[in-house]
Each structure stands twice: as structure tokens, then as C-alpha cells.
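Report on the structure given below.
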Amino acid sequence: MQDTLSEKTYRELRRKVLTGELEAGAQLVNRTLAQAMAVSLAPVREALNRLATEGLIEHVPGAGAFVRKPSPQDLEELYVLREAVESCAAAEAARNITQNQLDSLDGVRSEFEAILTTIRREKSKMATEVMLDRWLDCEERFHLIVVEAARNRLLAKVIEDYTALGQVFGVQRHRAAILTLAVAEETCRDHAAITESLRQRDVETARRLMSDHIRKGRKTVLEHLRGHRHSGG
């Protein structure tokens with residue numbers, strides 16, 4: 001029973017961190033969390049230790065536990081890891097992907113195209129926050145399908161761990177200006193090319209295209225964040 005309670009507590013706290021319900025920088029007080037979740041201190045302590053191991057929270061000596069705040073260096077490292085691991089996953093997916101998974105990728109691509117159409121109609125030629133949230137949800141699904149298609153449990157585990165870290169950063173959410181018409185169009189072209197390379201079972205092209213795609217994303221996100229910081233935002 002205690003194991004089940006610990007797992008439920010961990011999953012609930014993890015969800016709150018990943019969705020931003022517990023914001024970056026927020027202090028996590030064991031007793032307060034335990035009272036709010038109607039559990040004892042033990043499962044909360046265990047959950048926070050697991051989240052610290054995943055890099056989602058950090059323990060500050062003498063101050064307590066806090067939801068981790070990202071730094072530019074964190075993001076650089078995250079994207080370097082992402083490029084290495086997901087390009088490998090794309091190569092494996094080219095060998096192992098099923099027709100159902102290809103159909104799923106096509107379905108997600110259709111959703112991307114629908115959002116792109118709405119961005120074209122915007123006077124600013126930029127996404128709104130609602131559009132950006134939908135776009136990022138589609139982006140996550142697209143990449144998860146590729147990872148699943150790789151059929152490699154170790155790759156999937158590494159990707160699951162760093163995806164959690166990427167989600168808590170929330171670096172793109174609430175920054176609608178990051179998704180311009182030009183970025184959206186280029187991303188759609190990338191997704192189409194990646195999907196076609198998987199359909200053709202072209203291992204090396206899939207690897208190269210995924211690597212290029214993630215490198216472009218890294219450049220877009222980091223340049224936007226640097227510009228936002230320099231402008232005083």
C-alpha cells in the first residue's frame with residue numbers, strides 16, 4: 001500500500017511540475033505538500049528525491065527544495081543531448097516503423113498544417129499563445145511517435161528523462177512570438193521530409209534530417225530567449 005501511495009504521490013507532484021502548476025523557482029515544503037495531498041511526509045520526501053534525481057527539482061542546502069529554473073547552459077546541453085539521441089532514434093525508426101505509425105505521423109502533420117494556416121491569417125504572422133500550445137503538443141507527439149517506432153527501450157528511457165527536463169523548463173510556452181510564420185513553414189517542411197525518409201526506410205537520411213531539425217530548433221529557441229533577455233523581458 002505504501003509503495004502504491006509513494007508512486008501516486010510522485011506522479012502527482014511530477015505532473016504539477018511538468019504542467020507549471022508548481023512554477024520554476026517555487027519552494028517545495030514537505031509538510032505543506034503532504035497536507036495538500038492528504039498523505040504523510042514519507043511519500044512526499046521520497047517523491048522529491050526522485051524528482052531531484054530526474055533534474056526536475058533541486059535541493060538548496062539550508063533553504064530546501066525548489067522547482068528547478070533553467071539556465072542557457074542547461075538548454076544548450078539539453079539540445080546537444082536531444083540531437084544525439086533523437087537522430088539515433090530516427091535512424092532506428094527508419095528500420096522499424098510500421099504503417100500505423102506512419103499514418104499517425106501524417107495525422108500529426110495535418111494538425112501542424114491546420115495551425116500553419118491559421119498563423120498565415122494572423123496580421124502579425126505570428127502564433128497566438130493558444131496556437132503555440134497546440135503546436136508544441138503536436139511537436140511532442142510527432143517526436144514520441146518516432147521514438148516509439150525506433151523500438152529501443154534504452155533510447156526511449158533516455159529520451160523520456162530529458163523530455164521531462166525540457167518540459168519543466170517551459171521555455172517556449174507563453175512565448176508566442178517564438179513561432180513566426182517562417183519558423184512554422186520551415187518546421188512543416190522538416191516534418192514532411194523526415195516522414196518521407198522514414199517511409200522510404202532511408203536510415204542515414206532520417207538520421208541527418210532529424211539532427212538538422214533539432215539543431216534549427218535549438219538556434220531558434222536560444223536566439224529568441226537571448227533577445228528577450230536583452231530587451232529587458
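Counting only Cα, what are the radius of gyration and maximum Cα-Cα distance Dmax of segment 2-67, in Å?
Every Cα atom of segment 2-67 included, Rg and Dmax give 10.8, 31 Å.
Amide H neighbours of residue 179 under 5 Å, at least 5 residues apart or on other chains, H built in the peptide plane: list them.
Residues meeting the criterion, in which the H sits 1.01 Å from N, are 127.
For residue 57, what residues show an amide H to amide H distance below 5 Å, using hydrogens built from the backbone and excluding near sequence neighbours?
Sorted by chain and number, the residues that satisfy this are 52, 68.
Tell me, what HN-Hα J-couplings in whole Hz come from the Karplus equation 6.51 cos²θ - 1.76 cosθ + 1.60 at θ = phi - 60° for each residue of segment 177-183, using x for Gly and Pro?
Residue by residue, segment 177-183 yields 5, 5, 9, 7, 4, 4, 5 Hz.
Along segment 15-24, what does the Karplus equation 6.51 cos²θ - 1.76 cosθ + 1.60 (θ = phi - 60°) give for ³J(HN,Hα), rounded to whole Hz, x for Gly and Pro?
Calculated HN-Hα couplings, in order: 4, 4, 5, 5, 8, x, 4, 9, 6, 4 Hz.
Using each residue's phi in segment 40-49, evaluate 6.51 cos²θ - 1.76 cosθ + 1.60 at θ = phi - 60° and report the 3J(HN,Hα) Karplus result to the nearest Hz, with x for Gly and Pro.
Working through the residues one at a time gives 7, 6, 4, x, 5, 4, 5, 4, 5, 5 Hz.
On the first, second and third principal axes, largest extent first, how far apart are the outermost C-alpha atoms of segment 107-179 in Å?
Here the spans come out as 45, 27, 12 Å, largest first.
Give me the extension gain from residue 8 to residue 200: residue separation times 0.36 nm, minus the current Cα-Cα distance, reported in nm with one decimal.
Going from the current span to full extension adds 64.9 nm.
I want to make sure I understand the PRE zone here: with the label point 7 angstrom from the Cα of residue 103 toward its beta carbon, which residues in segment 116-158 have backbone N atoms less than 17 Å away?
Within reach of a label on residue 103: 145-146, 149.
Per-residue counts of other Cβ atoms within 10 Å, averaged by peptide: what ranking do you get for 120-126, 217-223, highest first?
217-223, 120-126
From the Cα gyration tensor of segment 72-230, with a ≥ b ≥ c the square roots of its eigenvalues, which class applies: rounded if a/c is under 1.5, or else prolate if a/b is larger than b/c, or else oblate?
Details: a/c = 1.96, a/b = 1.30, b/c = 1.51.
Taking the square roots of the gyration eigenvalues as a ≥ b ≥ c, segment 72-230 is oblate.
For segment 1-149, just the Cα set please: Rg and Dmax, both in angstrom.
Every Cα atom of segment 1-149 included, Rg and Dmax give 19.6, 56 Å.
Starting with the fewest neighbours, write out 59, 191 ranked by other beta-carbon atoms found within 10 Å of each beta-carbon. Walk me through the numbers on the way to the answer.
Working: 59 12, 191 22.
The fewest-first ordering by Cβ neighbours comes to 59, 191.
Each reported figure results from applying straightforward, stated rules to the coordinates on display, with no laboratory input. Model, not experiment: these values are computed from the prediction. Note that we place each Cβ from the backbone using ideal geometry, even for glycine, and neighbour counts take in every protein chain shown.
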